[in-house]
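Just below is one structure, and these are the notes that go with it.
The values are calculated or read from the model by the stated rules, or taken from the named source; none is laboratory data. Nothing here was measured: the structure is a model prediction, and the numbers come from that model. A quick note on method: Cβ atoms are made from the backbone with ideal geometry, for glycine too, and the neighbour counts reach across all protein chains shown.
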Amino acid sequence: MATFFGEVLSVYSRAVEEDEDELDENEEDEQIRRELEEKRAVHLHWSPEITELLKAGNKLQCSSFILAVGNNAASFLSAYVLASANWDAVGRALAWNERSRSGTGQSSEESACVFYRNKDDPSVLICQAICHIAEDQLFQWTEKVFDCLPSRELTVTVLSDCTVADYKTADYLCSSSAPFLRSLHSSAFSHQPVCQSLEQPNIITGLPAAVLNHCQVHRIAAVVYQCYSDVTGPDSVTVESFKPVLTKLGRSIQVDSSPSTDVLRKLIRSTEIQSNLYI
Amino acid sequence: MFISSQNSPTAFKGFTLVMPAVAVGNVGQLAVDLIVSTLNMSRVGYFHTDCLIPMAGNNPYASGKEDAEELHTPAEVYTEAELKLAVLQIRAPIIQTRTKRFRQQLVSWIKASGFSRTVVLSSSHAYQRDDQQLQGTPLRYLVTPSLLTASADAFKELSWKEMERIPAFPGVKDADAEPRLCIPGGGITKGLYTDSCAENLPVAVLLLFCSEGDNIPDAFALVNHLNDWLHLLDGQCQEPNSKWKIPTSWSLLFGGGIPPALF
């Protein structure tokens, strides 16, 4: 691209190049492509009771689905909601892609998104999605999960975090104001979000966007709370910035509005020490 | 596939469809933004597909606080019934392994909806022009045989230039190599055009040679070119660029504010 200063930079063009190789695809290429697609397919594993329910053609009894995408959002739910031990793990979603760590059974646990259901109120479902879901798997993940959920009387809340470097604003943002929350909601969502709406020209991508798209198109009430943080890894300040959401979640489920520091410390693994050159 | 956002079924029969190809400089998409924004078109549905990278954001054409908080998805359809115009806007890149599937979905939707004609706005890498193409206008058109009969006179009157076929191996004197159509950087444009020829659909492609950079002037050039043919705006004796309304989403195209501490 040509810049204002007259220099020419080579910039990656977002245009997808024409695939000329479509014409030369033989049987072997097709088979490899099919196998790769199968390997990348999203699989849902539910508890036996739920598997039976779904096999009979029913949907999960669910009026509130809370999805946490990313480490900080997942840590928030773990500390403030799931710590009350009133939750059963009822299912997992597995999605293999190039970023999944291969090998031992331990890592297959890490590359799964776990679903939890509340014991006192089984209509509340939580999902912690901390593994990376690739661009080509997002739509499938969303369709497969929402296929199990009812389409009426459902409210979806998505918590997600990303870097404040992605946030565009005309006035330069002082780093002291990060982390902060912004929201986006589907047209069917009639409640008041707990924070400001995401201003143009900012957008969201990834799993929160895929879920929100699905809900918008299928007229399901959904809201995404995106936290813009200046720290890239797990961070207790970022985790705490999701607290305003508790007011909306805390109606039917027990929330712990001030978890002990031990709980928080366990969740925030100090990966920073490993990256410090001098210790 | 198309999912309506209205409560009554949408009728596209006899409408003209304008859609962009995700191509170099995003010129087609910017041009479509100008059309939707200026004509104040209303959204009638979503093109819900697994072939596009998911994204979501608030209303890019917001005119004030009342309509600012309306969610928009990667591919949506807008209409302007008076002009019998429908527009498909695509806001995200196509997933690389799914370009063929996306073209198939588009072609079957165009067929099923009964559009009288489809216009694809696209662009191509300026650096890959040959010596002939370096001179004169950077705008080109392509038209499928079924639309040629209806529009040949219009194109002649406008003195538009058809996209040239290029020899497969320039410089190599090979009698066997047929000149063929090549739209580098055009994304699915060439594939969509050849599919439309095969399916006998009335499709025209309008494209512009450009490079990545500030593509707003390119978008204006393309949309004015389209307007010369389709007359979407009334013929006013104004400066050509001032009649198009820039959408609010076009702010901060090159990033946010710069921290003063940087200097």
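Every test in (1) assigned to a loop (DSSP other than H, G, I, E, B); (2) more than 14 Å from every other protein chain (Cβ to nearest Cβ); (3) crowded, with 20+ Cβ neighbours inside 10 Å is passed by A:Pro150 save one, and that test is (3). Of the listed requirements (1) in a helix (DSSP H, G or I); (2) within 8 Å of another protein chain (Cβ to nearest Cβ); (3) out of contact with any Lys or Arg (no Cβ under 9 Å at 6 or more places or on another chain), B:Ile3 misses just one: (1). Quick check on segment B:104-125. Is at least one of its residues charged (D, E, K, R), within 14 Å of chain A (Cβ to nearest Cβ) and not in a strand (DSSP E or B)? Within segment B:104-125, not a single residue is charged (D, E, K, R), within 14 Å of chain A (Cβ to nearest Cβ) and not in a strand (DSSP E or B).
B:Ala92 meets each of the listed conditions (1) out of contact with any Leu (no Cβ under 7 Å at 6 or more places or on another chain); (2) outside any strand (DSSP E or B); (3) closer than 26 Å to A:Arg182 by Cβ; (4) at the interface with chain A (Cβ under 10 Å from one of its Cβ atoms) apart from (1). The residues on offer are A:Val194, A:Val158, and the sole one that is of a type in the set (Val, Ile, Thr), touching a residue at least 40 places away in the same chain (Cβ under 8 Å) and assigned to a strand (DSSP E or B) is A:Val158.
The number of residues in segment B:133-143 being touching a residue at least 40 places away in the same chain (Cβ under 8 Å) and more than 17 Å from B:Thr16 (Cα to Cα) comes to 4. Please identify the pairs in which a residue from segment B:188-201 that is over 14 Å from B:Ile110 (Cα atoms) has its Cβ atom under 7 Å from the Cβ atom of a residue that is of a type in the set (Ser, Thr, Tyr), counting only partners at least 6 apart or on another chain. Short answer, once both residue conditions are applied: B:Ile188/B:Thr99; B:Thr189/B:Ser122; B:Gly191/B:Thr99. Restricting B:Arg165, B:Arg140, B:Arg129 to residues that are among the basic types (Lys, Arg) and buried (at least 19 other Cβ atoms within 10 Å of the Cβ) narrows the list to B:Arg140. Answer with yes or no whether B:Lys173 is free of Cβ contacts under 8 Å to residues at least 40 places away in the same chain and either surrounded by 15 or more Cβ atoms within 10 Å (Cβ to Cβ) or within 24 Å of B:Pro93 (Cα to Cα) (or both). So B:Lys173 does not fit the description; no. In segment B:50-65 there is at least one residue matching the filter, namely being outside any helix (DSSP H, G or I), over 25 Å from B:Asp214 (Cα atoms) and of a type in the set (Asp, Glu). Would you check if B:Ser242 is closer than 22 Å to B:Ala86 by Cβ and either modelled with pLDDT of 95 or more or part of a helix (DSSP H, G or I) (or both)? Judged against the criteria, B:Ser242 is not a match. Report yes if A:Pro244 is modelled with pLDDT of 80 or more and assigned to a helix (DSSP H, G or I), otherwise no. Criteria met by A:Pro244. For segment A:81-137, a tally of residues being assigned to a strand (DSSP E or B) and either modelled with pLDDT of 85 or more or of a type in the set (D, E, K, R) (or both) returns 21.
All but one of (1) away from every other protein chain (no Cβ under 14 Å); (2) buried (at least 22 other Cβ atoms within 10 Å of the Cβ) hold for B:Leu30; which doesn't? That leaves (1) as the condition not met. Whether any residue in segment B:144-154 is in contact (Cβ under 8 Å) with a residue 40 or more places away in the chain, under 30 Å from B:Leu233 (Cβ atoms), part of a loop (DSSP other than H, G, I, E, B) and hydroxyl-bearing (Ser, Thr, Tyr) is what I want to check. Scanning segment B:144-154 turns up at least one residue that is in contact (Cβ under 8 Å) with a residue 40 or more places away in the chain, under 30 Å from B:Leu233 (Cβ atoms), part of a loop (DSSP other than H, G, I, E, B) and hydroxyl-bearing (Ser, Thr, Tyr).
Checking each residue in segment B:6-31 for being among the β-branched types (Val, Ile, Thr) and not in a strand (DSSP E or B) picks out B:Thr10, B:Val22, B:Val24, B:Val27.
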